[in-house]
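Notes follow once the structure below has been shown.
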Amino acid sequence: MNLEYFLISWLDPQLLGLVALGTFAGIYVGAIPGLSVTMAVSILISFTFSWEMYDALSLMIGIYMGGVYGGSRTAILLNIPGAPSAIATALDGYPLAQQGLAGEAIGLSTTMSALGGFIGIAVLGFAAPAVSDFALTFQPRDYLLLAILGILLVGSLSGESLMKGIFAGGLGLFIGAVGLDPLTAQERFTFGYVELWGGISFIAVMIGLFGVSEALLQLQHVDTEAVKQVIRRVVPQWSAMVKYLPVSIQSSLIGVIIGALPGTGGDIAALMAYDQAKRTTKNPEVPFGQGAKEGLVAPETANNAAVGGAFIPMLTLGIPGDAVTAIIIGAMFIHGLNPGPMLMIERPEMFWFILGALVLATIFMLIFGLTGIRLFVKIVELPRAILFPLILLLSIVGAFAVNNSIVDVYFMLGFGVLGYFMKIYGYQVGPVILGVILSRLIDDNWRRAIISEQESLPRFFAGIFGSPLSLVLFAAVVMIFVTNTPAWPWIKRKLARRSA
(Lines give C-alpha, C1' and ligand atoms only; values in the text may rest on other atoms or scores of the structure.)
Protein backbone atom coordinates (compact mmCIF):
# COMPACT_ATOMS: atom_id res chain seq x y z
CA MET A 1 0.00 0.00 0.00
CA ASN A 2 1.25 3.49 -0.85
CA LEU A 3 1.01 4.89 2.70
CA GLU A 4 2.07 8.39 1.66
CA TYR A 5 -0.98 8.89 -0.57
CA PHE A 6 -3.31 7.01 1.77
CA LEU A 7 -2.49 9.54 4.52
CA ILE A 8 -2.20 12.68 2.38
CA SER A 9 -5.67 13.93 3.36
CA TRP A 10 -4.82 13.19 7.03
CA LEU A 11 -1.53 15.11 7.08
CA ASP A 12 -2.46 18.11 4.93
CA PRO A 13 -4.47 20.57 7.10
CA GLN A 14 -6.36 21.95 4.10
CA LEU A 15 -7.46 18.53 2.85
CA LEU A 16 -8.28 17.46 6.41
CA GLY A 17 -10.50 20.53 6.79
CA LEU A 18 -12.24 19.95 3.46
CA VAL A 19 -13.09 16.33 4.33
CA ALA A 20 -14.39 17.47 7.73
CA LEU A 21 -16.43 20.31 6.19
CA GLY A 22 -17.86 18.03 3.52
CA THR A 23 -18.84 15.35 6.04
CA PHE A 24 -20.48 17.87 8.36
CA ALA A 25 -22.39 19.48 5.49
CA GLY A 26 -23.32 16.08 4.07
CA ILE A 27 -24.92 14.97 7.35
CA TYR A 28 -27.28 17.92 7.38
CA VAL A 29 -27.90 17.96 3.63
CA GLY A 30 -28.83 14.28 3.90
CA ALA A 31 -31.14 14.99 6.83
CA ILE A 32 -33.25 17.50 4.88
CA PRO A 33 -35.81 15.82 2.59
CA GLY A 34 -35.44 17.09 -0.96
CA LEU A 35 -31.78 18.09 -0.61
CA SER A 36 -30.13 14.92 -1.87
CA VAL A 37 -26.44 14.04 -1.80
CA THR A 38 -26.54 13.70 -5.59
CA MET A 39 -27.79 17.26 -5.87
CA ALA A 40 -25.11 18.58 -3.51
CA VAL A 41 -22.23 16.82 -5.28
CA SER A 42 -23.47 17.88 -8.73
CA ILE A 43 -23.63 21.52 -7.61
CA LEU A 44 -20.07 21.23 -6.28
CA ILE A 45 -18.71 20.44 -9.74
CA SER A 46 -19.47 23.97 -10.93
CA PHE A 47 -17.69 25.42 -7.89
CA THR A 48 -14.66 23.13 -7.79
CA PHE A 49 -13.68 22.67 -11.44
CA SER A 50 -10.91 25.25 -11.01
CA TRP A 51 -9.68 23.74 -7.71
CA GLU A 52 -6.81 21.37 -7.21
CA MET A 53 -7.88 17.77 -7.84
CA TYR A 54 -7.24 16.57 -4.29
CA ASP A 55 -9.20 19.50 -2.80
CA ALA A 56 -12.27 18.88 -4.97
CA LEU A 57 -12.33 15.13 -4.33
CA SER A 58 -11.86 15.60 -0.58
CA LEU A 59 -14.94 17.80 -0.32
CA MET A 60 -17.07 15.52 -2.54
CA ILE A 61 -16.10 12.34 -0.68
CA GLY A 62 -16.93 13.97 2.66
CA ILE A 63 -20.37 15.07 1.46
CA TYR A 64 -21.05 11.62 -0.01
CA MET A 65 -20.22 9.69 3.15
CA GLY A 66 -21.93 12.16 5.50
CA GLY A 67 -25.03 12.45 3.32
CA VAL A 68 -25.70 8.72 3.18
CA TYR A 69 -25.72 8.62 6.98
CA GLY A 70 -27.57 11.93 7.44
CA GLY A 71 -30.88 10.65 6.09
CA SER A 72 -31.31 8.55 9.24
CA ARG A 73 -31.72 11.61 11.50
CA THR A 74 -35.13 12.73 10.24
CA ALA A 75 -36.13 9.10 9.56
CA ILE A 76 -35.74 8.33 13.27
CA LEU A 77 -37.06 11.58 14.70
CA LEU A 78 -39.88 12.50 12.32
CA ASN A 79 -40.50 9.38 10.18
CA ILE A 80 -39.35 11.39 7.14
CA PRO A 81 -36.37 9.68 5.50
CA GLY A 82 -33.92 12.33 4.41
CA ALA A 83 -32.82 10.01 1.59
CA PRO A 84 -34.19 6.83 -0.04
CA SER A 85 -31.45 4.81 1.69
CA ALA A 86 -33.05 5.70 5.05
CA ILE A 87 -36.52 4.35 4.20
CA ALA A 88 -35.86 1.06 5.99
CA THR A 89 -34.31 2.94 8.93
CA ALA A 90 -37.63 4.65 9.64
CA LEU A 91 -39.44 1.31 10.04
CA ASP A 92 -37.91 0.66 13.47
CA GLY A 93 -36.09 3.95 14.16
CA TYR A 94 -39.27 6.02 14.41
CA PRO A 95 -41.01 3.57 16.80
CA LEU A 96 -37.92 3.78 19.03
CA ALA A 97 -38.23 7.59 19.07
CA GLN A 98 -41.93 7.23 19.94
CA GLN A 99 -40.86 5.13 22.93
CA GLY A 100 -38.56 7.91 24.15
CA LEU A 101 -35.36 6.28 22.87
CA ALA A 102 -34.44 8.68 20.06
CA GLY A 103 -30.99 9.40 21.50
CA GLU A 104 -30.17 5.71 21.84
CA ALA A 105 -31.47 5.04 18.32
CA ILE A 106 -29.34 7.81 16.78
CA GLY A 107 -26.27 6.70 18.74
CA LEU A 108 -26.71 3.10 17.59
CA SER A 109 -27.35 4.10 13.97
CA THR A 110 -24.27 6.35 13.99
CA THR A 111 -21.85 3.74 15.32
CA MET A 112 -23.24 1.01 13.06
CA SER A 113 -23.12 3.33 10.03
CA ALA A 114 -19.45 3.92 10.77
CA LEU A 115 -18.85 0.18 11.13
CA GLY A 116 -20.57 -0.46 7.80
CA GLY A 117 -18.53 2.31 6.20
CA PHE A 118 -15.26 0.80 7.44
CA ILE A 119 -16.20 -2.67 6.21
CA GLY A 120 -17.14 -1.30 2.79
CA ILE A 121 -13.83 0.57 2.55
CA ALA A 122 -11.89 -2.53 3.65
CA VAL A 123 -13.49 -4.56 0.87
CA LEU A 124 -12.72 -1.74 -1.57
CA GLY A 125 -9.06 -1.81 -0.51
CA PHE A 126 -8.49 -5.56 -0.46
CA ALA A 127 -11.00 -7.11 -2.84
CA ALA A 128 -11.87 -4.45 -5.43
CA PRO A 129 -10.85 -6.46 -8.53
CA ALA A 130 -12.64 -9.63 -7.38
CA VAL A 131 -15.89 -7.85 -6.52
CA SER A 132 -15.76 -5.94 -9.81
CA ASP A 133 -15.34 -9.18 -11.74
CA PHE A 134 -18.40 -10.58 -9.95
CA ALA A 135 -20.44 -7.45 -10.73
CA LEU A 136 -19.53 -7.78 -14.41
CA THR A 137 -21.15 -11.22 -14.57
CA PHE A 138 -24.59 -9.63 -14.12
CA GLN A 139 -26.62 -9.69 -17.32
CA PRO A 140 -29.74 -7.57 -17.94
CA ARG A 141 -31.94 -10.52 -16.89
CA ASP A 142 -30.04 -10.66 -13.58
CA TYR A 143 -30.70 -6.99 -12.88
CA LEU A 144 -34.35 -7.62 -13.77
CA LEU A 145 -34.56 -10.56 -11.34
CA LEU A 146 -32.74 -8.54 -8.67
CA ALA A 147 -35.28 -5.71 -9.01
CA ILE A 148 -38.22 -8.17 -8.90
CA LEU A 149 -36.65 -9.71 -5.82
CA GLY A 150 -36.53 -6.24 -4.28
CA ILE A 151 -40.23 -5.72 -4.96
CA LEU A 152 -41.10 -9.09 -3.43
CA LEU A 153 -39.10 -8.22 -0.33
CA VAL A 154 -41.95 -5.88 0.53
CA GLY A 155 -43.37 -8.92 2.29
CA SER A 156 -40.97 -8.07 5.10
CA LEU A 157 -42.16 -4.47 5.13
CA SER A 158 -45.89 -5.20 5.02
CA GLY A 159 -46.82 -6.88 8.24
CA GLU A 160 -48.42 -10.27 7.79
CA SER A 161 -49.92 -9.68 4.33
CA LEU A 162 -47.68 -10.30 1.33
CA MET A 163 -50.56 -9.36 -0.99
CA LYS A 164 -50.85 -5.91 0.58
CA GLY A 165 -47.11 -5.49 0.13
CA ILE A 166 -47.22 -6.58 -3.52
CA PHE A 167 -50.15 -4.22 -4.13
CA ALA A 168 -48.21 -1.32 -2.61
CA GLY A 169 -45.09 -2.23 -4.61
CA GLY A 170 -47.16 -2.50 -7.80
CA LEU A 171 -48.63 0.94 -7.10
CA GLY A 172 -45.08 2.26 -6.86
CA LEU A 173 -44.20 0.65 -10.22
CA PHE A 174 -47.23 2.36 -11.78
CA ILE A 175 -46.21 5.74 -10.37
CA GLY A 176 -42.65 5.22 -11.61
CA ALA A 177 -43.93 4.45 -15.13
CA VAL A 178 -45.63 7.84 -15.51
CA GLY A 179 -43.97 10.09 -18.09
CA LEU A 180 -42.38 9.71 -21.51
CA ASP A 181 -41.19 6.26 -22.47
CA PRO A 182 -37.35 6.38 -22.30
CA LEU A 183 -37.02 4.33 -25.51
CA THR A 184 -39.84 5.55 -27.76
CA ALA A 185 -40.77 8.89 -26.13
CA GLN A 186 -44.42 7.78 -26.10
CA GLU A 187 -46.57 9.24 -23.34
CA ARG A 188 -47.39 6.84 -20.52
CA PHE A 189 -50.23 7.63 -18.09
CA THR A 190 -49.80 11.38 -18.65
CA PHE A 191 -53.45 11.95 -19.64
CA GLY A 192 -52.36 14.81 -21.87
CA TYR A 193 -50.68 16.84 -19.10
CA VAL A 194 -47.31 18.29 -20.10
CA GLU A 195 -46.33 18.48 -16.42
CA LEU A 196 -46.28 14.68 -16.29
CA TRP A 197 -43.90 14.20 -19.22
CA GLY A 198 -40.90 14.17 -16.92
CA GLY A 199 -42.58 11.74 -14.54
CA ILE A 200 -43.45 12.16 -10.87
CA SER A 201 -40.55 13.06 -8.57
CA PHE A 202 -39.92 10.17 -6.17
CA ILE A 203 -38.76 12.75 -3.62
CA ALA A 204 -42.25 14.29 -3.66
CA VAL A 205 -43.77 10.83 -3.36
CA MET A 206 -41.45 9.91 -0.48
CA ILE A 207 -42.01 13.12 1.48
CA GLY A 208 -45.78 12.90 1.01
CA LEU A 209 -46.16 9.23 1.92
CA PHE A 210 -43.90 9.45 4.95
CA GLY A 211 -43.92 13.02 6.27
CA VAL A 212 -47.33 14.47 5.38
CA SER A 213 -49.22 11.24 6.04
CA GLU A 214 -47.64 10.97 9.49
CA ALA A 215 -48.53 14.58 10.28
CA LEU A 216 -52.15 13.96 9.22
CA LEU A 217 -52.27 10.74 11.21
CA GLN A 218 -50.99 12.42 14.37
CA LEU A 219 -53.31 15.42 14.12
CA GLN A 220 -56.00 13.39 15.88
CA HIS A 221 -53.64 13.22 18.87
CA VAL A 222 -52.68 16.89 18.81
CA ASP A 223 -53.59 17.37 22.48
CA THR A 224 -51.47 14.41 23.58
CA GLU A 225 -48.28 15.26 25.43
CA ALA A 226 -45.07 14.86 23.43
CA VAL A 227 -42.92 11.85 24.25
CA LYS A 228 -40.12 12.75 26.65
CA GLN A 229 -36.83 11.42 25.37
CA VAL A 230 -34.64 9.43 27.75
CA ILE A 231 -30.97 10.06 26.93
CA ARG A 232 -28.90 8.15 29.43
CA ARG A 233 -26.02 7.57 27.06
CA VAL A 234 -25.44 8.23 23.38
CA VAL A 235 -22.56 5.86 22.63
CA PRO A 236 -23.91 2.28 22.71
CA GLN A 237 -22.54 -0.09 25.33
CA TRP A 238 -19.85 -2.52 24.25
CA SER A 239 -22.17 -5.45 24.98
CA ALA A 240 -24.74 -4.02 22.54
CA MET A 241 -22.08 -3.63 19.86
CA VAL A 242 -21.05 -7.27 20.28
CA LYS A 243 -24.69 -8.40 20.27
CA TYR A 244 -25.48 -6.72 16.94
CA LEU A 245 -22.10 -7.45 15.34
CA PRO A 246 -23.31 -10.52 13.35
CA VAL A 247 -26.23 -8.55 11.90
CA SER A 248 -23.97 -5.61 11.04
CA ILE A 249 -21.34 -7.78 9.31
CA GLN A 250 -24.01 -9.66 7.35
CA SER A 251 -25.68 -6.39 6.33
CA SER A 252 -22.35 -4.77 5.42
CA LEU A 253 -21.50 -7.59 3.01
CA ILE A 254 -24.94 -7.23 1.41
CA GLY A 255 -24.31 -3.49 1.12
CA VAL A 256 -20.90 -3.92 -0.53
CA ILE A 257 -22.18 -6.43 -3.10
CA ILE A 258 -25.33 -4.45 -3.97
CA GLY A 259 -23.35 -1.19 -4.01
CA ALA A 260 -20.89 -2.69 -6.50
CA LEU A 261 -23.70 -3.43 -8.96
CA PRO A 262 -23.96 -0.48 -11.38
CA GLY A 263 -27.24 1.40 -11.08
CA THR A 264 -28.32 0.06 -7.70
CA GLY A 265 -27.06 1.80 -4.54
CA GLY A 266 -27.67 2.13 -0.82
CA ASP A 267 -31.47 2.26 -0.98
CA ILE A 268 -31.82 -1.26 -2.41
CA ALA A 269 -28.97 -2.52 -0.21
CA ALA A 270 -30.68 -1.18 2.94
CA LEU A 271 -34.01 -2.81 2.11
CA MET A 272 -32.41 -6.16 1.28
CA ALA A 273 -30.33 -6.07 4.47
CA TYR A 274 -33.45 -5.26 6.50
CA ASP A 275 -35.30 -8.21 4.97
CA GLN A 276 -32.38 -10.56 5.60
CA ALA A 277 -32.08 -9.40 9.22
CA LYS A 278 -35.78 -10.02 9.76
CA ARG A 279 -35.51 -13.51 8.32
CA THR A 280 -32.40 -14.52 10.23
CA THR A 281 -32.93 -12.87 13.64
CA LYS A 282 -34.25 -15.42 16.11
CA ASN A 283 -36.49 -14.14 18.91
CA PRO A 284 -35.85 -10.36 18.72
CA GLU A 285 -36.61 -8.47 21.93
CA VAL A 286 -39.19 -6.37 20.05
CA PRO A 287 -40.98 -7.40 16.82
CA PHE A 288 -39.65 -5.85 13.63
CA GLY A 289 -41.54 -2.69 12.77
CA GLN A 290 -42.17 -1.88 16.44
CA GLY A 291 -38.69 -0.77 17.46
CA ALA A 292 -36.43 -3.78 16.86
CA LYS A 293 -32.85 -2.57 17.10
CA GLU A 294 -31.77 -5.22 14.59
CA GLY A 295 -34.10 -3.46 12.13
CA LEU A 296 -32.18 -0.24 12.75
CA VAL A 297 -28.71 -1.77 12.58
CA ALA A 298 -29.20 -3.69 9.31
CA PRO A 299 -30.12 -0.83 6.92
CA GLU A 300 -27.71 1.64 8.50
CA THR A 301 -24.68 -0.61 8.13
CA ALA A 302 -25.74 -1.68 4.63
CA ASN A 303 -26.24 1.77 3.12
CA ASN A 304 -22.87 3.06 4.33
CA ALA A 305 -21.09 -0.14 3.28
CA ALA A 306 -22.62 0.42 -0.16
CA VAL A 307 -20.51 3.59 -0.47
CA GLY A 308 -17.32 1.53 -0.57
CA GLY A 309 -19.04 -0.90 -2.91
CA ALA A 310 -20.05 1.88 -5.32
CA PHE A 311 -16.41 2.99 -5.65
CA ILE A 312 -15.29 -0.51 -6.69
CA PRO A 313 -16.62 -0.52 -10.30
CA MET A 314 -15.93 3.22 -10.58
CA LEU A 315 -12.21 2.95 -9.80
CA THR A 316 -11.49 -0.41 -11.44
CA LEU A 317 -13.78 -0.35 -14.49
CA GLY A 318 -14.86 3.27 -14.94
CA ILE A 319 -18.50 2.25 -14.35
CA PRO A 320 -20.41 4.24 -11.70
CA GLY A 321 -21.97 2.22 -8.91
CA ASP A 322 -24.66 4.84 -8.28
CA ALA A 323 -25.67 8.40 -9.20
CA VAL A 324 -23.11 10.07 -6.90
CA THR A 325 -20.15 8.09 -8.23
CA ALA A 326 -21.34 8.94 -11.77
CA ILE A 327 -20.95 12.62 -10.88
CA ILE A 328 -17.57 11.98 -9.25
CA ILE A 329 -16.43 10.30 -12.49
CA GLY A 330 -17.37 13.51 -14.29
CA ALA A 331 -15.37 15.54 -11.79
CA MET A 332 -12.35 13.27 -12.29
CA PHE A 333 -12.58 13.69 -16.06
CA ILE A 334 -12.64 17.47 -15.61
CA HIS A 335 -9.40 17.18 -13.61
CA GLY A 336 -7.72 15.04 -16.26
CA LEU A 337 -8.26 11.59 -14.74
CA ASN A 338 -9.74 8.58 -16.54
CA PRO A 339 -11.36 6.18 -14.06
CA GLY A 340 -11.08 2.58 -15.21
CA PRO A 341 -8.61 -0.31 -15.43
CA MET A 342 -5.70 1.93 -16.40
CA LEU A 343 -6.18 4.21 -13.39
CA MET A 344 -4.87 1.49 -11.06
CA ILE A 345 -1.78 1.15 -13.28
CA GLU A 346 -1.06 4.74 -14.34
CA ARG A 347 -2.24 6.62 -11.21
CA PRO A 348 -2.28 4.12 -8.29
CA GLU A 349 -1.78 7.00 -5.87
CA MET A 350 -5.32 8.23 -6.67
CA PHE A 351 -6.78 4.92 -5.57
CA TRP A 352 -5.00 5.14 -2.21
CA PHE A 353 -5.84 8.81 -1.78
CA ILE A 354 -9.57 8.11 -2.28
CA LEU A 355 -9.34 5.18 0.11
CA GLY A 356 -7.68 7.35 2.77
CA ALA A 357 -10.24 10.14 2.30
CA LEU A 358 -13.11 7.66 2.69
CA VAL A 359 -11.64 6.36 5.96
CA LEU A 360 -11.18 9.92 7.24
CA ALA A 361 -14.75 10.87 6.22
CA THR A 362 -16.09 7.85 8.11
CA ILE A 363 -14.19 8.91 11.25
CA PHE A 364 -15.61 12.44 10.98
CA MET A 365 -19.07 11.00 10.38
CA LEU A 366 -18.77 9.11 13.66
CA ILE A 367 -17.56 12.22 15.53
CA PHE A 368 -20.16 14.63 14.12
CA GLY A 369 -22.90 12.01 14.31
CA LEU A 370 -22.41 11.52 18.05
CA THR A 371 -22.26 15.24 18.89
CA GLY A 372 -25.27 17.48 19.26
CA ILE A 373 -27.71 14.57 19.69
CA ARG A 374 -29.13 15.89 22.96
CA LEU A 375 -30.02 19.15 21.26
CA PHE A 376 -31.26 17.45 18.08
CA VAL A 377 -33.71 15.12 19.84
CA LYS A 378 -35.46 18.13 21.40
CA ILE A 379 -37.31 18.29 18.07
CA VAL A 380 -39.35 15.25 19.12
CA GLU A 381 -40.26 16.89 22.44
CA LEU A 382 -41.85 19.92 20.78
CA PRO A 383 -45.61 20.24 21.39
CA ARG A 384 -47.49 18.48 18.62
CA ALA A 385 -49.37 21.66 17.73
CA ILE A 386 -45.98 23.18 16.80
CA LEU A 387 -44.18 20.08 15.53
CA PHE A 388 -46.63 18.94 12.87
CA PRO A 389 -47.06 22.33 11.16
CA LEU A 390 -43.24 22.43 11.06
CA ILE A 391 -43.21 18.98 9.43
CA LEU A 392 -45.68 20.19 6.81
CA LEU A 393 -43.60 23.30 6.17
CA LEU A 394 -40.40 21.24 5.88
CA SER A 395 -42.19 18.84 3.53
CA ILE A 396 -43.37 21.66 1.26
CA VAL A 397 -39.91 23.23 1.10
CA GLY A 398 -38.28 19.85 0.45
CA ALA A 399 -40.69 18.91 -2.36
CA PHE A 400 -40.36 22.33 -4.02
CA ALA A 401 -36.56 22.35 -3.79
CA VAL A 402 -36.13 19.31 -6.07
CA ASN A 403 -37.25 20.96 -9.32
CA ASN A 404 -38.42 24.39 -8.10
CA SER A 405 -41.88 23.28 -9.18
CA ILE A 406 -45.19 23.91 -7.41
CA VAL A 407 -46.52 20.82 -9.21
CA ASP A 408 -44.24 18.66 -7.04
CA VAL A 409 -45.80 20.27 -3.96
CA TYR A 410 -49.27 19.32 -5.20
CA PHE A 411 -48.10 15.75 -5.80
CA MET A 412 -46.52 15.67 -2.36
CA LEU A 413 -49.77 16.77 -0.68
CA GLY A 414 -51.80 14.31 -2.75
CA PHE A 415 -49.54 11.41 -1.83
CA GLY A 416 -49.69 12.56 1.78
CA VAL A 417 -53.47 12.07 1.76
CA LEU A 418 -53.03 8.71 -0.01
CA GLY A 419 -50.47 7.62 2.59
CA TYR A 420 -52.85 8.64 5.38
CA PHE A 421 -55.58 6.33 4.11
CA MET A 422 -53.07 3.54 3.37
CA LYS A 423 -51.88 3.60 6.98
CA ILE A 424 -55.45 3.62 8.30
CA TYR A 425 -56.29 0.49 6.30
CA GLY A 426 -53.08 -1.38 7.16
CA TYR A 427 -50.99 -0.79 4.02
CA GLN A 428 -47.32 0.10 4.49
CA VAL A 429 -46.02 3.03 2.44
CA GLY A 430 -42.38 1.84 2.20
CA PRO A 431 -43.10 -0.63 -0.64
CA VAL A 432 -44.61 2.18 -2.74
CA ILE A 433 -41.34 4.12 -2.60
CA LEU A 434 -39.37 0.98 -3.37
CA GLY A 435 -41.59 0.38 -6.40
CA VAL A 436 -41.00 3.91 -7.69
CA ILE A 437 -37.22 3.56 -7.27
CA LEU A 438 -37.06 0.14 -8.93
CA SER A 439 -39.47 0.88 -11.78
CA ARG A 440 -36.77 2.29 -14.08
CA LEU A 441 -34.41 -0.60 -13.30
CA ILE A 442 -37.13 -3.14 -14.16
CA ASP A 443 -38.24 -1.26 -17.27
CA ASP A 444 -34.76 -0.82 -18.76
CA ASN A 445 -33.47 -4.31 -18.01
CA TRP A 446 -36.63 -6.10 -19.16
CA ARG A 447 -36.22 -4.43 -22.55
CA ARG A 448 -32.52 -5.19 -22.74
CA ALA A 449 -33.05 -8.80 -21.66
CA ILE A 450 -35.87 -9.53 -24.10
CA ILE A 451 -34.12 -7.74 -26.99
CA SER A 452 -30.92 -9.70 -26.36
CA GLU A 453 -32.98 -12.91 -26.63
CA GLN A 454 -34.56 -11.77 -29.92
CA GLU A 455 -37.87 -11.02 -28.16
CA SER A 456 -38.41 -14.70 -27.41
CA LEU A 457 -39.75 -15.67 -23.96
CA PRO A 458 -38.59 -19.32 -24.29
CA ARG A 459 -35.05 -18.09 -25.00
CA PHE A 460 -35.32 -15.69 -22.05
CA PHE A 461 -36.20 -18.50 -19.61
CA ALA A 462 -33.63 -20.79 -21.19
CA GLY A 463 -31.05 -18.10 -20.42
CA ILE A 464 -32.17 -18.04 -16.77
CA PHE A 465 -31.79 -21.81 -16.38
CA GLY A 466 -28.50 -21.75 -18.26
CA SER A 467 -26.83 -19.28 -15.88
CA PRO A 468 -26.02 -20.24 -12.25
CA LEU A 469 -26.35 -16.62 -11.10
CA SER A 470 -29.71 -16.13 -12.83
CA LEU A 471 -30.91 -19.46 -11.48
CA VAL A 472 -30.06 -18.49 -7.90
CA LEU A 473 -31.92 -15.18 -8.23
CA PHE A 474 -34.90 -16.90 -9.87
CA ALA A 475 -34.96 -19.51 -7.08
CA ALA A 476 -34.95 -16.71 -4.50
CA VAL A 477 -37.97 -15.10 -6.20
CA VAL A 478 -39.83 -18.42 -6.20
CA MET A 479 -38.94 -19.08 -2.56
CA ILE A 480 -40.37 -15.75 -1.44
CA PHE A 481 -43.66 -16.64 -3.12
CA VAL A 482 -43.70 -20.14 -1.63
CA THR A 483 -42.76 -19.15 1.92
CA ASN A 484 -45.49 -16.50 2.02
CA THR A 485 -48.35 -18.71 0.81
CA PRO A 486 -50.96 -19.97 3.34
CA ALA A 487 -49.80 -23.54 2.57
CA TRP A 488 -46.20 -22.90 3.69
CA PRO A 489 -46.67 -23.89 7.38
CA TRP A 490 -48.18 -27.21 6.20
CA ILE A 491 -45.29 -27.75 3.71
CA LYS A 492 -42.79 -26.90 6.43
CA ARG A 493 -44.31 -29.49 8.81
CA LYS A 494 -44.24 -32.14 6.07
CA LEU A 495 -40.58 -31.44 5.34
CA ALA A 496 -39.73 -31.56 9.05
CA ARG A 497 -41.42 -34.97 9.43
CA ARG A 498 -39.54 -36.40 6.45
CA SER A 499 -36.19 -35.13 7.74
CA ALA A 500 -36.97 -36.64 11.14
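The values are calculated or read from the model by the stated rules, or taken from the named source; none is laboratory data. Small disclaimer: the values here were computed from a predicted structure and weren't measured. Because the Cβ atoms are built from the backbone with ideal geometry, glycine has one as well, and the counts that use them run over all protein chains shown.
Remarks
- Per the conditions (1) modelled with pLDDT under 80; (2) crowded, with 24+ Cβ neighbours inside 10 Å, the sole criterion not satisfied by Ala90 is (1).
- Test result for Ser72, surrounded by 16 or more Cβ atoms within 10 Å (Cβ to Cβ), under 24 Å from Pro348 (Cα atoms), at pLDDT below 85 and small (Gly, Ala, Ser): no
- Scan of the stretch 98-123 for residues that are hydrophobic (A, V, I, L, M, F, W, C) and closer than 21 Å to Phe353 by Cβ, ordered by number: Ala114, Phe118, Ile119, Ile121, Ala122, Val123
- Residues considered: Leu253, Leu196. Of these, the only one that is of a type outside the set (Phe, Trp, Tyr), touching a strand residue (DSSP E or B) at 6+ places or on another chain (Cβ under 7 Å) and at pLDDT 80 or above is Leu196.
- Any hit, the stretch 440-455, residues being under 24 Å from the mean Cα position of the chain (by Cα) and either among the small types (Gly, Ala, Ser) or within 22 Å of Arg279 (Cα to Cα) (or both): no
- Top-ranked residue of the stretch 268-301 - restricted to ones that are closer than 19 Å to Leu115 by Cα and free of Cβ contacts under 8 Å to residues at least 40 places away in the same chain, ranked as surrounded by the fewest Cβ atoms within 10 Å (Cβ to Cβ): Gln276
- Test: residue in the stretch 44-59 that is at pLDDT below 85, buried (at least 22 other Cβ atoms within 10 Å of the Cβ) and farther than 19 Å from Leu434 by Cα: no
- Flag if Val477 is within 25 Å of Pro299 (Cβ to Cβ), of a type in the set (Val, Ile, Thr) and free of Cβ contacts under 8 Å to residues at least 40 places away in the same chain: no
- Residue match in the stretch 9-23 (condition: modelled with pLDDT under 70 and surrounded by 20 or more Cβ atoms within 10 Å (Cβ to Cβ)): yes
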